[in-house]
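Reading through the structure tokens given below for one structure.
The values are calculated or read from the model by the stated rules, or taken from the named source; none is laboratory data. Note that this is a predicted model, so its numbers are computed, not measured. Note that each Cβ is placed from the backbone with ideal geometry, even for glycine, and that neighbours are counted across all protein chains shown.
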Amino acid sequence: MKKYLNPPDGGTEFSPRLAEIFNGDTYQAAKTNSAAQPVKADYILIRIIEGSIVIILKSAEFSAQAGSLLLADSKDFVDISSPCACWIMRFNSSSAPPVFEKKTLYTVPFAPEETELLSKLFDEREWDERLFSSFCSGVFALYYLETADRYLKNKNPVTPYHAEICETIEYIKGHSDSVGVAELAEKLHLSERMFRKIFSQETGSSPNAYIQKVRLGKARELLKDPTLSVGEISDMLGYSSQFHFCIAFKKAYGLSPSAYRKTPSVIL
């Protein structure tokens, strides 16, 4: 059987150089160490093993669950909302990473070899230091490509409502203060139950969770305006009360709106 040493026509050549890797525990430790600055890198890959978090980029936010994977520009990454079992990898690459688009949340089934491969990057410290960097990059390249291959073999085709759901998302962004599931379902001439199912298949999020995410994203922007009170922001976003707004905000970001406003370092 022929073995390809160079990519065949239509193939992808991908030779990443791993710059930095954390698991959930080491990432939290690095955050508390003010002297530990992230290394310069082109991309960041975040893989959620257990639990759920919000991945915060400068340009977007994503509610991620176990099995989620997100690729982004390294300089776009800000933080994750809370500790969880995850892997955070920064890497350089002269060519765009294949398969996964930046700022798109993917669900990829786990495989037994996944944890084994990533654990090697922590455990195989007996390698000669002259070889260790290449070893880590080789393991990372294998991990990335095996994960991408598994995604391609398991991904589901878009539903017949893909275009409509994309339009619905844009509508939510413009009307998050007042929109509800019943209204959105009616727009697509679907029952609420069917709409919830289709929306979740397309986005990986329930309609209510997505609406909440958009509202809270706007809240973070509005909190930059010192002339607006928390109560006024709550009303602008369509919350039934300031209390419910504060509960939702703290659950998402770990701080009350008032505390968040007093912490300039976390406001983008």
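Listed here are the residues, each with its yes/no results for (1) surrounded by fewer than 18 Cβ atoms within 10 Å (Cβ to Cβ); (2) touching a Lys or Arg at 6+ places or on another chain (Cβ under 6 Å); (3) more than 30 Å from residue 78 (Cα to Cα).
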| residue | (1), (2), (3) |
| --- | --- |
| 175 | yes, no, no |
| 193 | yes, no, yes |
| 199 | no, no, no |
| 208 | yes, no, no |
| 232 | yes, no, no |
| 242 | yes, no, no |
| 251 | yes, no, no |
| 263 | yes, no, no |
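Where the second residue is of a type in the set (Val, Ile, Thr) and modelled with pLDDT of 75 or more and the first is more than 13 Å from residue 144 (Cβ to Cβ) and lies in the stretch 110-123, which pairs have Cβ atoms under 6 Å and are six or more apart or on separate chains?
Cβ pairs passing all conditions: 120/139.
Kindly indicate which of 138, 180 is farther than 29 Å from residue 49 by Cβ, over 19 Å from the mean Cα position of the chain (by Cα) and surrounded by 14 or more Cβ atoms within 10 Å (Cβ to Cβ).
From the options 138, 180, the qualifying one is 180.
Return only the number of the condition from (1) buried (at least 16 other Cβ atoms within 10 Å of the Cβ); (2) under 13 Å from the mean Cα position of the chain (by Cα); (3) part of a strand (DSSP E or B) that residue 100 does not satisfy.
Going through (1) buried (at least 16 other Cβ atoms within 10 Å of the Cβ); (2) under 13 Å from the mean Cα position of the chain (by Cα); (3) part of a strand (DSSP E or B) one by one, residue 100 breaks only (3).
Could you say which residue among 45, 57 is modelled with pLDDT of 90 or more, more than 22 Å from residue 140 (Cα to Cα), under 12 Å from the mean Cα position of the chain (by Cα) and of a type outside the set (Val, Ile, Thr)?
After ruling out the rest, the residue left standing is 57.
Looking only at the stretch 158-173, which residues are in contact with a helix residue (DSSP H, G or I) (Cβ under 9 Å, 6 or more places away or on another chain), exposed (fewer than 14 other Cβ atoms within 10 Å of the Cβ) and acidic (Asp, Glu)?
167
Hey, does the stretch 108-117 have a residue that's under 19 Å from the mean Cα position of the chain (by Cα), of a type in the set (D, E, K, R) and at pLDDT below 85?
yes
Let me confirm something: among 213, 197, which residue is farther than 17 Å from residue 173 by Cα and either assigned to a helix (DSSP H, G or I) or of a type outside the set (S, T, N, Q) (or both)?
197 is the lone residue from the list that is farther than 17 Å from residue 173 by Cα and either assigned to a helix (DSSP H, G or I) or of a type outside the set (S, T, N, Q) (or both).
Among the numbered conditions (1) within 21 Å of residue 24 (Cα to Cα); (2) surrounded by fewer than 17 Cβ atoms within 10 Å (Cβ to Cβ); (3) in contact with a helix residue (DSSP H, G or I) (Cβ under 7 Å, 6 or more places away or on another chain), tell me where residue 118 comes up short.
(2) is the only condition that residue 118 fails.
Filter the stretch 82-97 down to the residues that are modelled with pLDDT of 85 or more and crowded, with 16+ Cβ neighbours inside 10 Å and list them by number.
Answer for the stretch 82-97, where residues must be modelled with pLDDT of 85 or more and crowded, with 16+ Cβ neighbours inside 10 Å: 86, 87, 88, 89, 90, 91, 92, 93, 97.
Just to check your reading of the model, which residue among 72, 141 is in a helix (DSSP H, G or I), modelled with pLDDT of 90 or more, within 19 Å of residue 22 (Cβ to Cβ) and of a type in the set (A, V, I, L, M)?
After ruling out the rest, the residue left standing is 141.
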